[in-house]
Each structure stands twice: as C-alpha cells, then as structure tokens.
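Peer 1: Okay, handing you the structure first.
The values are calculated or read from the model by the stated rules, or taken from the named source; none is laboratory data. All of these numbers come straight from a predicted model, not from anything done at the bench. Neighbour counts are summed over all protein chains in view; Cβ atoms, including those assigned to glycine, are modelled from backbone coordinates with ideal geometry. For accessibility, only protein heavy atoms count, side chains too; no ligands or nucleic acids. Shrake-Rupley method; radii C 1.70, N 1.55, O 1.52, S 1.80 Å.
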Amino acid sequence: MADSISLQKREYGKQSALVERRKEVFKLKAHGYSLRDIARRLDITQSAASRDFQWACSAWGDLPENTAEVVKGECLEILRGLAGMLLKDIERQAEAGVVVTTLGADGQLLQQQVRNGIDPRAVSESGRCVERMAKLMGLMDGGIDAAGAATTAIQVTLPAPSAEAFMSPAPEPVDVASEPVESPSGGPEPAAA
C-alpha cells in the first residue's frame, strides 16, 4: 500500500510539472515565440512543444473567460480607461498649460517652461483611442477620415511654426453668411465656400 501511495505522489508530481510546462508553452506562444524558440528555451523537443501547445489550446481555449466576447470586453474596458485618462490630461492642460522640457545631449535639464494651450499629441491620441473603441464595438470598419472607404496617405510638408504661434490660442472663428448671392443673370447663386 505504501508503494502505491508513493507511486501516486510521483505520478501527481509529473502531472503537475507537465501542466506547468504546458502553461509556460502557452504563455510563450501568446507572446509570439515560435515553437522552435519555445523548445530551445524550455529544453524540450519541438514536437513536445507543439503537443503541449495543442493540448493547452484544446483544454484552455474553450474556457468561458477566453471567448472572443470576453476578451473584446476586456480590451474595451482598457480603452475606456485610457480615453478617460487622456481626457483628464487634456482638461488639465487646458487649465494649467503644457510643461515643455528641453534636455541636453547628456540628459541634463536645460530649460523647462509652462505654455498655455493643449498638446496636440494628446488630442490626436484621444481621437485614435476613440476610433479603436468604435472599431472594437463594430461601429466602424475604416478610419474616421475614410468613413468606411480605403484611406489614402498624403504627405504635406509645411514650415514649422514658431513656438509662440504653435502654443497660442486659436483666433476667433469668422462667421460666414450662408445666404445666396444674386448673380448678374438674375438667379440665386450659392455662396462661395
């Protein structure tokens, strides 16, 4: 009887080690490692790594917490949190300005200024975050600018604005009347855009 208990303990130890190895194979594969790299890293054969990965996918792939809807929901929550942080940062920048730090080649602080305005990179990133959320929820297929169509990349090179012009507030908008303009032929002509 003592021999059978000892044998069961050894078998359980082997099973426990095998499950741990399969978890490690699954984790490394999820991080983008090839089966060859996983085998080399864990000091097992490539076929053993492949079997472990296939077993892990069949055993753990059907768990309720691994369904596409659950993973999609978790990604959406992360994006919501990120969008909230970005919007709080934009509000803070609108109230307190942006801290601009200049460092030397050696990493030493050369200059630090607070400028009024909002960093356009924060606004841009918040737009991308909202776009990702809309795509994840299935509300849009293409980019925001494309409205569902293919996006074309256009590169425009403009001279860099001065720091003062870049951080200064936008001018007041101009009110353009949208009333029709009489043409010499007598009929109404739409206002010029």
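Peer 1: Output yes when any residue across region 52-63 is open to solvent by 80 Å² or more (accessible area, probe 1.4 Å) and modelled with pLDDT of 85 or more, and no when none is.
Peer 2: Yes, region 52-63 contains at least one residue that is open to solvent by 80 Å² or more (accessible area, probe 1.4 Å) and modelled with pLDDT of 85 or more.
Peer 1: Would you mind stating whether residue 29 is basic (Lys, Arg), under 29 Å from the mean Cα position of the chain (by Cα) and modelled with pLDDT of 85 or more?
Peer 2: Considered against the rule, which asks whether it is basic (Lys, Arg), under 29 Å from the mean Cα position of the chain (by Cα) and modelled with pLDDT of 85 or more, residue 29 comes out as no.
Peer 1: Would you be able to say whether some residue in region 115-128 is farther than 16 Å from residue 82 by Cβ, exposed (fewer than 11 other Cβ atoms within 10 Å of the Cβ), over 23 Å from the mean Cα position of the chain (by Cα) and modelled with pLDDT of 80 or more?
Peer 2: no
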